[in-house]
Amino acid sequence: MASSTVSTPFLQLEFPSTRKRSSSSSSSSRSSFFVPQIKASVSEKPSLSVSVTAPESTKLPIRKIPGDCGIPLFGPYKDRLDYFYNQGRDEYFKSRIQKYQSTVFRTNVPPGPFIAPNPNVVVLLDGKSFPILFDVTKVEKKDVFTGTFMPSTELTGGYRVLSYLDPSEPRHGQLKRLMFFLLKSRRDKVIPEFHSCYTQLFESLENDLAEKGKASFGDANDQAAFNFLARSLYGTNPCDTKLGLDGPKLVQKWVLFQLGPILRLGLPKLIEDSVIHTFRLPPSLIKKDYQRIYDFFYESSGFVLDEAERLGISKEEACHNLVFATGFNSFGGMKIFFPNVMKWIGRAGVKLHTQLATEIRSAVRSAGGEVTMAAMEQMPLMKSVVYEAFRIEPPVPLQFGRAKRDMVIESHEHAFQVKEGEMLFGYQPFATKDPKIFERAEEFVGDRFVGEEGEKLLKHVLWSNGPETENPTVGNKQCAGKDFVMLVSRLLLVEFFLRYDSFEIQVGSSPLGSSITLTSLKRSTF
């Protein structure tokens, strides 16, 4: 991640609780494991200077970047078929690591022709080379959020929204400050609104289990997540507006029009590749649906839009950015990550469930029955489990950046010279499961980040477009809502294990992660 050249005062985003839990008799001692309180750092101005220097020196042997992008059109098309159908994404990269005996190589990534004119990338697949994608003094992040192509701005009101802006662009700093303002303004509402929305989710799951013997976590989670975000960040219950219960489905359709070219939807190969991966879906098909989403946010976010005008951003541009940040980034993250964390914890079994329930309930009792930030600091295993879920299956697996100058990139074994303008690509699950950094890297180890030695590994947890040990600023591309996302992910575990002792699941796949079906929920007995 890039370091800023200016001082960075802090906005302390503390999220107090207003609700209590009834206490029980048993308790356990508190742990000393500490993670800094939730905060967002805001640079006074983005770092704009980029020094032009000769390639860096290195002690590792220089190796020419192996790999071949093939014949134009044919090579990218063949690679796309391998990536999606013949091999699948993980095997696509594993086979090339073996072929080239290197975690850095050249290849093509989807979508390729005819959506992306240049699909050629330098791939970074280890924990040492990958972090250069966060260093905005070395890589440009302009229009690379989705990779080698950019969705039409017609899908975002004609604006390039924050995710597509490089920190060197003045609008980046203005919009990121606006996101920090939103998070700070609504910090008091997060914990109580999460409890309210996810209590409804749990009740819905229990009813489905009683009636059908199983319950789909995904649909219920989508509705709960959207309602929570609207209520906590904007003070509006979608059910009381014209939007009703349609928010999640409208957002998902809109996201499909943006990410379809790089998703595997499960359609027949010929249809999916020729329709979704070869040509863009016309934005006009989603225009009315997007307008409904936009209108909801515009009517709900008056206080944020007033702040936007004070920062020099029009209300219209600000609202399109709020739709993207809330609908694409935050809702999309909860839609993908929450089923994933349920999958990993479910597979871990009853022993981990019991340990989590014991720790969480003890800490809440010690806090007088309240779920608070301070209480969650006394839950080292719970925090470690969340970190481990982000490590083993990060919700945003693909990262891109364009080299700003000639430079040297190092893997564990070699150094590679990269030319200015080359597209760098990292597949994050390989970097965060690097066996040279993590023991039992392919395993879900719930207590991996507990204790002093565990804390040292947090710099290699990279889900937020930066290390877990760093903070978002207007001068970098780390997720503005990094600490908000971490908080709500912890709240999911806290609320769940205050209510349940254990659970059983069936796991399937979906275009955006895992599909979870609950087959058993054991209510709290202690």
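The table that follows gives values for the structure above.
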{"quantity": "Three semi-axes of the equivalent ellipsoid, segment 55-154, Cα gyration tensor, whole Å, largest first", "calculated": "23, 20, 12"}
{"quantity": "Relative contact order (%) - criterion: Cα under 8 Å, at least six apart; region: the chain", "calculated": "26"}
{"quantity": "Shape call, segment 322-391: gyration tensor on alpha carbons, a/c limit 1.5", "calculated": "oblate"}
{"quantity": "Net charge over other residues, Cβ less than 14 angstrom from the Cβ of Asn221 (K, R count +1; D, E count -1)", "calculated": "-2"}
{"quantity": "Arg106, Arg523, reordered so the largest accessible area comes first (probe 1.4 Å)", "calculated": "Arg523, Arg106"}
{"quantity": "Cα-only radius of gyration and Dmax that characterise segment 409-455, units Å", "calculated": "14.8, 42"}
{"quantity": "Length added when fully stretched, Leu498-Gln200, from 0.36 nm per residue minus Cα-Cα", "calculated": "105.8 nm"}
{"quantity": "Share of carbon and sulfur in the accessible heavy-atom surface of the chain [1.4 Å probe, %]", "calculated": "51"}
{"quantity": "Taking the convex hull of Cα positions in the chain, its mean projected area over all directions (nm²)", "calculated": "23.9"}
{"quantity": "Neighbour net charge for Val450 - beta-carbon separation under 11 angstrom, K R +1, D E -1", "calculated": "-4"}
{"quantity": "The chain, accessible area per residue, ligands and nucleic acids excluded (1.4 Å, Å²)", "calculated": "41"}
{"quantity": "Along principal axes, Cα extents of segment 200-260, largest first, whole Å", "calculated": "35, 32, 18"}
{"quantity": "Under 22 Å between alpha carbons - lysine pairs in segment 262-353 that sit 8 or more apart or on different chains", "calculated": "4"}
{"quantity": "Where N is the number of residues in segment 149-228, Cα Rg divided by 2.2 N^0.38 Å", "calculated": "1.61"}
{"quantity": "Stokes-Einstein diffusion coefficient of segment 379-483, Kirkwood radius over Cα pairs, 20 °C, 1.002 mPa s, in µm²/s", "calculated": "142"}
{"quantity": "Alpha-carbon Rg/Rh ratio, for segment 242-357, with Rh computed the Kirkwood way", "calculated": "1.10"}
{"quantity": "Kirkwood-Stokes translational diffusion coefficient of segment 95-163, alpha-carbon pairs, 4 °C, 1.567 mPa s, µm²/s", "calculated": "92"}
{"quantity": "Helical contribution to [θ] at 222 nm, DSSP H n ≥ 4, -39,500 (n - 2.57), averaged over the chain, rounded to 500", "calculated": "-12500 deg cm²/dmol"}
{"quantity": "Over segment 229-275, volume per residue of the alpha carbon convex hull, in Å³", "calculated": "99"}
{"quantity": "Calculated SAXS-style log₁₀ I(q)/I(0) at q = 0.16, 0.18, 0.23 Å⁻¹ - segment 323-441, Debye, Cα scatterers", "calculated": "-0.97, -1.08, -1.28"}
{"quantity": "For Gly67, residues with placed amide H under 5 Å, excluding near neighbours", "calculated": "Arg106"}
{"quantity": "Largest-first ellipsoid semi-axes for segment 450-526, taking √(5λ) over the Cα gyration tensor eigenvalues, angstrom", "calculated": "30, 18, 13"}
{"quantity": "Segment 292-432, relative contact order [Cα under 8 Å, separation at least 6], %", "calculated": "16"}
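The values are calculated or read from the model by the stated rules, or taken from the named source; none is laboratory data. It should be emphasised that the depicted structure is a prediction, and the values quoted were computed from it without experimental measurement. Every residue, glycine as well, gets a Cβ built from its backbone with ideal geometry; the counts of neighbours run over all protein chains shown. Ligands, DNA and RNA are excluded from the accessible area calculation, which covers all protein heavy atoms including side chains. Shrake-Rupley method; radii C 1.70, N 1.55, O 1.52, S 1.80 Å.
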